[in-house]
Amino acid sequence: MMDDRPHILRTTHLPTRIADQFAQQILSGVLKPGDRLPTELAMSKNFGVSRTVIREAIAQLRNEGMIETRQGVGAFVIERPTRHIRLNDGGMTEDDFRGLFQLRIPLEIEAAGLCALNHSSDHLAQMDEALLRMSAGSEAPDDGILADLDFHRTIALGTGNDYFVQFLGAISDRILKTILLSREKIRLDTLLDVVGQEHRDLRDAIAAGDPMRARSAMRAHMVGSTQRVDLKIDFYD
């Protein structure tokens, strides 16, 4: 009997491959704004993967600004800016990780400063919710990773500048790979303590409305992130 499920290459990151398939349908107009994606269960059966993989793919599409999720309802395609940034999937060498951080560091530091000035109470609530999920990471490690991505996306949203959302969304799958790599190198409970404190410092600086403190907290987080994947990056003040 022939298997007619969509073919997903096992040599690449599964959530990214699934997100790519839906992204192509959205970009080509097969899926239009307002259309609902299949349920997690239906996609899990269709692609032959776990629901955790599907949740990561959905989170990636959400971070890229292609869909929105409604609690208890599902995931829906949303209207996108005319100029939408999307990178093709690929393997990550040491040079790729270095290039990623060279782009990410100035973007994230500036985003933190702007978020401190422009955030709303809703943004703080979303950060707090992400922090709670991250703190439970040892019980639900996959959701802890997604919560980390959601925290950074909320900072981008809090800038009030959609370009930050687009650029950081475009590299969200690469950021996910750095999180996975750091979890391979450092014991999980130790990693969660350190990363959790870095994110709490960021949240508190943003809540205080102090852009310089927020930028400093993000810089410290970026330094820690590079060290956790054994990269030496030069920072310029």
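Taken together, the values in this text are just the output of simple stated rules run on the coordinates, not laboratory data. Source: prediction; values computed, not measured. Here the Cβ positions follow ideal geometry from the backbone for every residue, glycine too, while neighbour counts run over all protein chains shown.
Please turn the phi angles of the stretch 213-227 into ³J(HN,Hα) values with the Karplus equation 6.51 cos²θ - 1.76 cosθ + 1.60 (θ = phi - 60°), one per residue in order, whole Hz, x for glycine and proline.
5, 5, 4, 5, 5, 5, 4, 4, 5, 5, 4, x, 4, 5, 5
Along the charge dipole of the chain, pointing to its positive end and built from +1/-1 on Cβ of Lys, Arg, Asp and Glu, which listed residue (Leu132, Ser50, Ala208) has its Cα farthest out?
Result: Ser50.
Once the Cβ-Cβ distance between Gln25 and Thr93 is put in as r, and R0 is 25 Å, what FRET efficiency do you end up with, to the nearest 0.05?
Working: r = 30 Å, r/R0 = 1.19.
About 0.25, to the nearest 0.05.
Considering only C-alpha atoms, what is the centroid distance from the stretch 181-232 to the stretch 94-148, in Å?
So the separation of the two Cα centres works out to 9 Å.
Can you give the FRET efficiency to the nearest 0.05 for Ala125 and Glu68, using r as the Cβ-Cβ distance and R₀ = 25 Å?
Numbers: r = 17 Å, r/R0 = 0.67.
E between Ala125 and Glu68, to the nearest 0.05, is 0.90.
So how do Leu180, Leu132, Leu37 line up by other beta-carbon neighbours within 10 Å, fewest first?
Result, fewest neighbours first: Leu132, Leu180, Leu37.
Hey, what do the phi angles of the stretch 23-34 turn into as Karplus ³J(HN,Hα) couplings, whole Hz, using 6.51/-1.76/1.60 and θ = phi - 60°, x for Gly and Pro?
4, 5, 5, 6, 5, 7, x, 4, 9, 10, x, x
Order these peptides, 43-49, 200-206, by their mean beta-carbon neighbour count within 10 angstrom, highest first.
Numbers: 43-49: 16.7, 200-206: 20.6.
Order by mean packing, descending: 200-206, 43-49.
Quick one: Cα convex hull volume of the stretch 14-77, Å³ per residue?
Working: hull volume 4.8 nm³, N = 64.
Residue-normalised Cα hull volume stands at 75 Å³.
Can you list the lysines whose alpha carbon sits under 19 Å from that of Lys185, skipping same-chain ones fewer than 8 residues off?
Within reach: Lys177, Lys232.
With no solvent and one equal point scatterer per Cα, compute the Debye intensity ratio I(q)/I(0) for the chain at 0.17 Å⁻¹ and report its log10, rounded to two decimals.
-1.38
Based on DSSP H runs of at least 4 residues, each adding -39500 (n - 2.57), what is the mean residue ellipticity at 222 nm of the chain after dividing by all its residues, to the nearest 500 deg cm²/dmol?
Working: 10 runs with 155 residues, N = 237.
Computed ellipticity for the chain at 222 nm equals -21500 deg cm²/dmol.
Quick check: residue separation of Arg200 and Lys32 times 0.36 nm, minus the Cα distance between them. What number comes out in nm?
Numbers: separation 168, 0.36 × 168 = 60.48 nm, distance 3.76 nm.
Taking 0.36 nm per residue and subtracting the Cα distance, the gain is 56.7 nm.
Give me the log10 of I(q) over I(0) for the stretch 94-228 at q = 0.09, 0.15, 0.17 Å⁻¹, as the Debye formula computes it from C-alpha points; what are the numbers?
Each listed q maps to, in turn, -0.22, -0.65, -0.85.
Apply the Karplus curve 6.51 cos²θ - 1.76 cosθ + 1.60, θ = phi - 60°, to the phi angles in the stretch 174-182 and return the couplings in whole Hz, x for Gly and Pro.
These are the phi-based 3J(HN,Hα) values: 6, 4, 4, 5, 5, 5, 4, 5, 5 Hz.
If I stretch the segment between Asp193 and Ala220 completely, what's the gain in nm (0.36 nm per residue apart, minus their alpha carbon distance), one decimal?
8.2 nm
Which order results if Glu198, Glu64, Glu129 are arranged by neighbouring Cβ count within 10 Å, fewest first? Show your work: numbers first, answer last.
Working: Glu198 18, Glu64 25, Glu129 14.
Exposure proxy ranking, most exposed first: Glu129, Glu198, Glu64.
Give me the dipole magnitude in Debye, nearest 20, for the chain about the Cα centre, with unit charges on the beta carbon: positive for Lys and Arg, negative for Asp and Glu. Spell out each step's value before the answer.
Details: 29 positive and 35 negative charges, 80 e Å.
Value, rounded to 20: 380 debye.
Given a cut-off of under 8 Å on Cα pairs at least six residues apart, what relative contact order in percent is computed for the stretch 21-83? The partial results should precede the final answer.
Numbers: 58 pairs, mean separation 24.5, N = 63.
Relative contact order, the stretch 21-83: 39 percent.
What list do you get for Phe97, Phe22 if you sort them by fewest beta carbons within 10 Å?
Values: Phe97 19, Phe22 22.
So the residues, fewest neighbours to most, are Phe97, Phe22.
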